[in-house]
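For reference, the structure discussed in these notes is given below.
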Amino acid sequence: LKILSRCLVFVLVAGFFAGCGAPKEKSFSKEGLTITLTDEFEEKALVDSLTASYTSDYCLVTTLKEDFSLFSEAGLSVDISESEYLDMVIQSNSLENEPEETDGLHTVTFTKEVSGQNMTYFALAKRGTDAFWLVQFACPTDTFENMRPQFIKWAKTVTVE
């Protein structure tokens, strides 16, 4: 009877931990952009100028929608590519990094100090029907190389209207 009860306890404990497996994919949508992350993320309003921010214990994802009307008001053409938009973002933020093409995506990687910690950002430019989008994935610099493949995977899920 003791052996049977120990086996039952083992099965119950093993069953509990099996339910606590890997994070599950979860889609988030806001103002025309959809991205698939994991259920470890939650939407949090971090900065008013951002369209959306999603945080987890180990990284941050932000989205910024820049309506074409803003370009027109500034006398800029909206007839530009994602790559040209990314060049404008790099120039306007005084980034020294060059844009890259990563698995068909227009991206740039850069490092900034935030609250005394070095953070590395993997930014993605997307063109929608009425706006350009900038999606940024960020984590502490010392974990970036491990996170980069995951950032690329998530970046590939981004769709815009």
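Can you find, within the stretch 65-78, the residue that is surrounded by the fewest Cβ atoms within 10 Å (Cβ to Cβ) among those that are outside any loop (DSSP other than H, G, I, E, B) and not basic (Lys, Arg)? Residue satisfying both the conditions and the ranking: 73.
Just one of the listed residues (120, 62, 129) is modelled with pLDDT of 95 or more and assigned to a loop (DSSP other than H, G, I, E, B), and it is 129. The lone criterion from (1) within 12 Å of residue 136 (Cα to Cα); (2) surrounded by fewer than 18 Cβ atoms within 10 Å (Cβ to Cβ) left unmet by residue 81 is number (1).
Checking each residue in the stretch 14-55 for being open to solvent by less than 70 Å² (accessible area, probe 1.4 Å) and at pLDDT below 90 picks out 14, 15, 19, 21.
Yes or no: the stretch 137-149 includes at least one residue that is part of a strand (DSSP E or B) and out of contact with any Ser or Thr (no Cβ under 9 Å at 6 or more places or on another chain). Taking every residue of the stretch 137-149 in turn, none turns out to be part of a strand (DSSP E or B) and out of contact with any Ser or Thr (no Cβ under 9 Å at 6 or more places or on another chain). Got at least one residue in the stretch 98-108 being in a strand (DSSP E or B), closer than 22 Å to residue 44 by Cα and free of Cβ contacts under 8 Å to residues at least 24 places away in the same chain? No: the stretch 98-108 contains no residue that is in a strand (DSSP E or B), closer than 22 Å to residue 44 by Cα and free of Cβ contacts under 8 Å to residues at least 24 places away in the same chain.
Among the residues of the stretch 84-97, not one is in a loop (DSSP other than H, G, I, E, B), closer than 23 Å to residue 156 by Cα and open to solvent by 80 Å² or more (accessible area, probe 1.4 Å).
Residues in the stretch 102-161 that are under 11 Å from the mean Cα position of the chain (by Cα), open to solvent by 10 Å² or more (accessible area, probe 1.4 Å) and closer than 18 Å to residue 80 by Cα: 1 in all.
The values are calculated or read from the model by the stated rules, or taken from the named source; none is laboratory data. Predicted model only: the values in this text are computed from it and were never measured. A quick note on method: Cβ atoms are made from the backbone with ideal geometry, for glycine too, and the neighbour counts reach across all protein chains shown. Protein only, heavy atoms only, side chains kept; ligands, DNA and RNA dropped before computing areas. Shrake-Rupley method; radii C 1.70, N 1.55, O 1.52, S 1.80 Å.
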